[in-house]
Amino acid sequence: MSSLTPSVIHQHPDFVVVAKPAGVHFHSQDGNAGLVAQLEAQLNESLYPVHRLDTPTSGLLVLARHPAAAASLTALFTAHQVEKRYLALSGHKPKKKQGTVKGGMAKARRGAWKLTPGQENWATTQFVSHSLRPGVRAFLLRPRSGRTHQIRVALKSLGAPILGDALYGGSDADRTYLHAWSLGFDWQGQWQQFWLAPQQGEQWGEELAPLLAQWQQDDPAWPKG
(Lines give C-alpha, C1' and ligand atoms only; values in the text may rest on other atoms or scores of the structure.)
Protein backbone atom coordinates (compact mmCIF):
# COMPACT_ATOMS: atom_id res chain seq x y z
CA MET A 1 0.00 0.00 0.00
CA SER A 2 1.33 3.44 -0.91
CA SER A 3 2.37 5.79 1.88
CA LEU A 4 -0.24 8.19 0.47
CA THR A 5 -3.09 5.68 0.71
CA PRO A 6 -5.46 6.16 3.65
CA SER A 7 -6.20 3.07 5.72
CA VAL A 8 -8.98 1.96 8.07
CA ILE A 9 -7.78 1.24 11.61
CA HIS A 10 -11.16 0.58 13.26
CA GLN A 11 -14.62 -0.31 12.01
CA HIS A 12 -17.76 0.30 14.06
CA PRO A 13 -21.29 -0.28 12.73
CA ASP A 14 -21.82 3.51 12.83
CA PHE A 15 -18.41 4.88 11.82
CA VAL A 16 -14.88 4.09 10.67
CA VAL A 17 -11.67 5.49 12.10
CA VAL A 18 -9.00 6.04 9.48
CA ALA A 19 -5.34 6.98 9.22
CA LYS A 20 -4.88 9.95 6.90
CA PRO A 21 -1.42 10.31 5.35
CA ALA A 22 0.18 13.74 5.08
CA GLY A 23 -0.26 15.21 1.61
CA VAL A 24 -3.64 13.62 0.86
CA HIS A 25 -6.47 16.02 0.06
CA PHE A 26 -9.65 15.50 2.03
CA HIS A 27 -11.91 16.06 -0.99
CA SER A 28 -11.22 15.04 -4.58
CA GLN A 29 -9.63 17.73 -6.70
CA ASP A 30 -7.60 18.19 -9.88
CA GLY A 31 -8.87 14.84 -11.14
CA ASN A 32 -7.41 12.97 -8.17
CA ALA A 33 -9.51 11.03 -5.67
CA GLY A 34 -9.47 12.57 -2.21
CA LEU A 35 -9.42 10.73 1.10
CA VAL A 36 -13.18 10.19 1.30
CA ALA A 37 -13.44 8.90 -2.28
CA GLN A 38 -10.48 6.55 -1.79
CA LEU A 39 -12.00 5.06 1.35
CA GLU A 40 -15.43 4.69 -0.24
CA ALA A 41 -13.77 2.71 -3.01
CA GLN A 42 -11.84 0.57 -0.51
CA LEU A 43 -14.94 -0.25 1.55
CA ASN A 44 -17.47 -0.18 -1.28
CA GLU A 45 -19.88 1.99 0.70
CA SER A 46 -20.86 5.62 1.12
CA LEU A 47 -19.12 7.54 3.91
CA TYR A 48 -20.09 10.83 5.52
CA PRO A 49 -17.50 13.40 6.67
CA VAL A 50 -18.01 14.84 10.17
CA HIS A 51 -14.69 16.73 10.56
CA ARG A 52 -11.56 17.13 8.49
CA LEU A 53 -7.78 17.58 8.49
CA ASP A 54 -5.70 19.96 6.40
CA THR A 55 -3.91 18.41 3.41
CA PRO A 56 -0.42 18.47 5.05
CA THR A 57 -1.70 17.03 8.35
CA SER A 58 -1.60 13.30 9.04
CA GLY A 59 -3.45 11.27 11.63
CA LEU A 60 -6.84 10.13 12.86
CA LEU A 61 -10.14 10.91 11.19
CA VAL A 62 -13.67 9.64 11.80
CA LEU A 63 -16.13 9.09 8.96
CA ALA A 64 -19.76 8.15 9.56
CA ARG A 65 -21.29 5.14 7.81
CA HIS A 66 -24.88 6.40 7.63
CA PRO A 67 -26.69 9.77 7.85
CA ALA A 68 -27.97 9.33 11.42
CA ALA A 69 -24.45 8.65 12.71
CA ALA A 70 -23.17 11.61 10.70
CA ALA A 71 -25.66 13.93 12.40
CA SER A 72 -24.76 12.67 15.89
CA LEU A 73 -21.00 12.78 15.31
CA THR A 74 -21.20 16.23 13.75
CA ALA A 75 -23.07 17.40 16.85
CA LEU A 76 -20.30 16.03 19.09
CA PHE A 77 -17.58 17.82 17.13
CA THR A 78 -19.59 21.05 16.95
CA ALA A 79 -20.16 21.00 20.72
CA HIS A 80 -16.42 20.31 21.31
CA GLN A 81 -17.26 17.03 23.02
CA VAL A 82 -14.52 15.15 21.20
CA GLU A 83 -11.16 15.06 23.01
CA LYS A 84 -8.45 15.68 20.42
CA ARG A 85 -4.67 15.59 20.84
CA TYR A 86 -2.26 16.74 18.16
CA LEU A 87 1.51 16.40 17.87
CA ALA A 88 3.75 18.94 16.20
CA LEU A 89 7.46 19.62 15.82
CA SER A 90 9.14 23.00 15.51
CA GLY A 91 12.69 24.00 14.77
CA HIS A 92 12.25 27.22 16.78
CA LYS A 93 12.18 27.91 20.49
CA PRO A 94 8.69 29.05 21.58
CA LYS A 95 8.02 32.21 23.58
CA LYS A 96 6.72 29.92 26.33
CA LYS A 97 6.99 26.17 26.84
CA GLN A 98 3.36 25.61 27.81
CA GLY A 99 0.18 27.63 28.02
CA THR A 100 -2.90 28.62 26.06
CA VAL A 101 -3.17 30.48 22.77
CA LYS A 102 -6.51 32.18 22.22
CA GLY A 103 -8.01 34.87 20.06
CA GLY A 104 -10.14 35.52 17.03
CA MET A 105 -9.08 34.25 13.63
CA ALA A 106 -9.34 35.99 10.28
CA LYS A 107 -8.17 35.25 6.75
CA ALA A 108 -4.77 36.64 5.84
CA ARG A 109 -2.88 36.47 2.54
CA ARG A 110 -2.07 33.46 0.35
CA GLY A 111 -4.69 31.26 1.98
CA ALA A 112 -3.27 31.73 5.46
CA TRP A 113 -5.07 32.76 8.65
CA LYS A 114 -4.03 35.03 11.50
CA LEU A 115 -4.92 35.67 15.13
CA THR A 116 -6.90 38.82 15.90
CA PRO A 117 -7.90 40.58 19.13
CA GLY A 118 -11.57 40.31 18.18
CA GLN A 119 -14.12 37.70 19.23
CA GLU A 120 -15.10 36.50 15.77
CA ASN A 121 -14.03 32.94 14.91
CA TRP A 122 -12.70 32.49 18.46
CA ALA A 123 -10.04 29.78 18.84
CA THR A 124 -8.47 28.31 21.98
CA THR A 125 -5.50 25.92 21.95
CA GLN A 126 -3.80 24.48 25.04
CA PHE A 127 -0.28 23.12 24.70
CA VAL A 128 2.71 21.65 26.46
CA SER A 129 6.11 21.03 24.91
CA HIS A 130 9.31 19.08 25.40
CA SER A 131 12.76 19.27 23.84
CA LEU A 132 13.01 16.28 21.51
CA ARG A 133 16.63 16.86 20.55
CA PRO A 134 18.86 19.92 20.07
CA GLY A 135 17.07 22.26 17.65
CA VAL A 136 13.77 20.34 17.59
CA ARG A 137 10.91 20.76 20.07
CA ALA A 138 7.84 18.52 20.31
CA PHE A 139 4.42 19.96 21.13
CA LEU A 140 1.33 18.21 22.45
CA LEU A 141 -1.71 20.32 21.65
CA ARG A 142 -5.32 20.21 22.77
CA PRO A 143 -7.59 22.36 20.60
CA ARG A 144 -10.70 23.51 22.44
CA SER A 145 -12.30 24.76 19.22
CA GLY A 146 -12.17 23.60 15.62
CA ARG A 147 -11.03 26.49 13.45
CA THR A 148 -9.26 26.26 10.10
CA HIS A 149 -5.45 26.20 10.55
CA GLN A 150 -5.96 26.76 14.29
CA ILE A 151 -2.90 24.87 15.52
CA ARG A 152 -0.66 26.12 12.73
CA VAL A 153 -1.58 29.72 13.57
CA ALA A 154 -1.20 29.12 17.31
CA LEU A 155 2.37 27.84 16.97
CA LYS A 156 3.32 30.64 14.60
CA SER A 157 2.06 33.13 17.20
CA LEU A 158 4.44 31.55 19.73
CA GLY A 159 7.38 32.13 17.41
CA ALA A 160 7.60 28.37 16.81
CA PRO A 161 6.00 27.64 13.41
CA ILE A 162 5.60 23.96 12.59
CA LEU A 163 8.58 22.31 10.96
CA GLY A 164 7.96 22.11 7.23
CA ASP A 165 4.95 24.47 7.29
CA ALA A 166 6.09 26.92 4.62
CA LEU A 167 2.79 28.83 4.67
CA TYR A 168 3.45 29.93 8.27
CA GLY A 169 7.22 30.32 8.18
CA GLY A 170 8.33 26.88 9.30
CA SER A 171 11.82 25.60 8.54
CA ASP A 172 12.28 23.39 5.46
CA ALA A 173 11.51 19.72 6.05
CA ASP A 174 10.30 16.60 4.24
CA ARG A 175 6.72 17.21 5.44
CA THR A 176 4.64 19.50 7.64
CA TYR A 177 5.08 18.00 11.11
CA LEU A 178 1.51 18.13 12.40
CA HIS A 179 -0.27 14.90 13.32
CA ALA A 180 -3.70 14.11 14.80
CA TRP A 181 -2.55 11.63 17.44
CA SER A 182 -5.64 10.89 19.52
CA LEU A 183 -9.44 11.04 19.40
CA GLY A 184 -11.83 10.23 22.22
CA PHE A 185 -15.60 10.57 22.49
CA ASP A 186 -18.65 9.05 24.13
CA TRP A 187 -20.74 6.95 21.77
CA GLN A 188 -24.01 5.52 23.02
CA GLY A 189 -22.72 5.40 26.59
CA GLN A 190 -19.33 3.87 25.78
CA TRP A 191 -16.07 5.81 25.65
CA GLN A 192 -14.27 5.39 22.33
CA GLN A 193 -10.53 6.13 22.43
CA PHE A 194 -8.11 5.89 19.52
CA TRP A 195 -4.36 6.53 19.22
CA LEU A 196 -2.15 6.60 16.15
CA ALA A 197 1.57 7.32 16.32
CA PRO A 198 2.99 9.21 13.34
CA GLN A 199 4.69 7.14 10.65
CA GLN A 200 5.68 9.60 7.92
CA GLY A 201 8.64 11.89 8.41
CA GLU A 202 12.28 11.41 9.33
CA GLN A 203 12.25 14.19 11.94
CA TRP A 204 9.95 12.42 14.44
CA GLY A 205 12.91 10.25 15.35
CA GLU A 206 13.36 7.50 17.92
CA GLU A 207 13.18 10.02 20.78
CA LEU A 208 9.44 10.45 20.18
CA ALA A 209 8.25 6.99 21.28
CA PRO A 210 9.09 7.29 25.01
CA LEU A 211 7.64 10.80 25.08
CA LEU A 212 4.38 9.57 23.56
CA ALA A 213 4.23 6.72 26.06
CA GLN A 214 4.59 9.26 28.87
CA TRP A 215 1.95 11.59 27.44
CA GLN A 216 -0.44 8.70 26.79
CA GLN A 217 -0.10 7.30 30.30
CA ASP A 218 -0.29 10.63 32.13
CA ASP A 219 -2.36 13.30 30.40
CA PRO A 220 -0.66 16.63 31.18
CA ALA A 221 -2.01 19.11 33.68
CA TRP A 222 -3.38 21.34 30.95
CA PRO A 223 -2.84 25.09 31.38
CA LYS A 224 -5.91 27.03 32.47
CA GLY A 225 -7.57 29.66 30.34
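The values are calculated or read from the model by the stated rules, or taken from the named source; none is laboratory data. As the structure is a computational prediction, the values presented were derived from the model and not from experiment. Methodologically, a virtual Cβ is constructed for each residue, glycine included, from the backbone with ideal geometry; neighbour enumeration extends over all protein chains shown. Calculation scope for accessible area: heavy atoms of the full protein, side chains included, ligands and nucleic acids excluded. Shrake-Rupley method; radii C 1.70, N 1.55, O 1.52, S 1.80 Å.
If we count every other residue with Cβ under 15 angstrom of Phe185's Cβ, Lys/Arg +1 and Asp/Glu -1, where does the sum land?
The answer is +1.
Would you mind estimating how fast segment 1-110 diffuses translationally, via Stokes-Einstein at 20 °C and 1.002 mPa s with the Kirkwood radius over Cα pairs, in µm²/s?
Reported coefficient: 134 µm²/s.
Tell me, what is the percent relative contact order of segment 1-109, built from C-alpha pairs under 8 Å that lie six or more residues apart?
RCO, segment 1-109: 22 percent.
Any idea what the relative contact order of the chain is, in percent, if you count C-alpha pairs under 8 Å spaced at least 6 apart?
19
Please give the length that would be gained between Gln81 and Asp219 if that part of the chain were fully extended, namely 0.36 nm times their separation in residues minus their C-alpha to C-alpha distance (nm, one decimal). Don't jump to the answer; show the numbers that get you there.
Details: separation 138, 0.36 × 138 = 49.68 nm, distance 1.70 nm.
In short, 48.0 nm is gained.
Got a sec? Charge dipole of segment 1-117, +1 on Cβ for Lys and Arg, -1 for Asp and Glu; which of Pro6, Gly103, Gly23 is way out at the positive end?
So the residue furthest toward the plus end is Gly103.
What dipole magnitude, in Debye to the nearest 20, does segment 85-225 give about its Cα centre under +1 on Lys/Arg Cβ and -1 on Asp/Glu Cβ?
Here segment 85-225 has a charge dipole of around 780 debye.
In nm, to one decimal, how far is the Lys102 label point from the Gln188 one, both placed 7 Å along Cα→Cβ?
3.6
At 7 Å along the Cα-to-beta-carbon direction for both Ala209 and Ala166, put a label point, then send me their distance in nm to one decimal.
Label at Ala209, label at Ala166, 3.3 nm between them.
Between Lys93 and Ala112, what is the spin-label point distance in nm, taking each point 7 Å from the Cα along the Cα→C-beta axis?
According to this spin-label approximation, the distance is 2.3 nm.
What are the equivalent ellipsoid semi-axes of the chain, built from the alpha-carbon gyration tensor (square roots of five times its eigenvalues), in whole angstrom, biggest first?
27, 20, 19
Expressed as a whole number of Å, what is the distance separating the alpha-carbon centroids of segment 60-128 and segment 1-46?
22
Going through the cross-link list Lys20/Lys95; Lys97/Lys156; Lys107/Lys156; Lys20/Lys107; Lys97/Lys224; Lys84/Lys156, which pairs have a Cα-Cα distance over 23 Å in this structure?
Lys20/Lys95; Lys20/Lys107
Quick one: compute the contact order of segment 128-187, relative version, from alpha carbon pairs under 8 angstrom and 6+ residues apart, as a percent.
16
With a 1.4 Å probe and every protein chain kept in, tell me what percent of the accessible surface of segment 173-222 is carbon plus sulfur.
Of all accessible area on segment 173-222, carbon and sulfur atoms account for 44 percent.
Using 1/(1 + (r/R0)^6) with R0 = 30 angstrom and r between the beta carbons of Asp14 and His130, what's the FRET efficiency to the nearest 0.05?
FRET efficiency, Asp14 to His130: 0.25.
Looking only at Leu53, Leu89, Leu208, which one moves most when the chain is put into a Gaussian network model with springs between Cα atoms under 10 Å?
Per the Cα network of the chain with a 10 Å cutoff, Leu208 tops the list.
Leaving out ligands and nucleic acids, and using a 1.4 Å probe, what accessible area per residue does the chain come to in Å²?
For the chain, the solvent-accessible area averages 48 Å² per residue.
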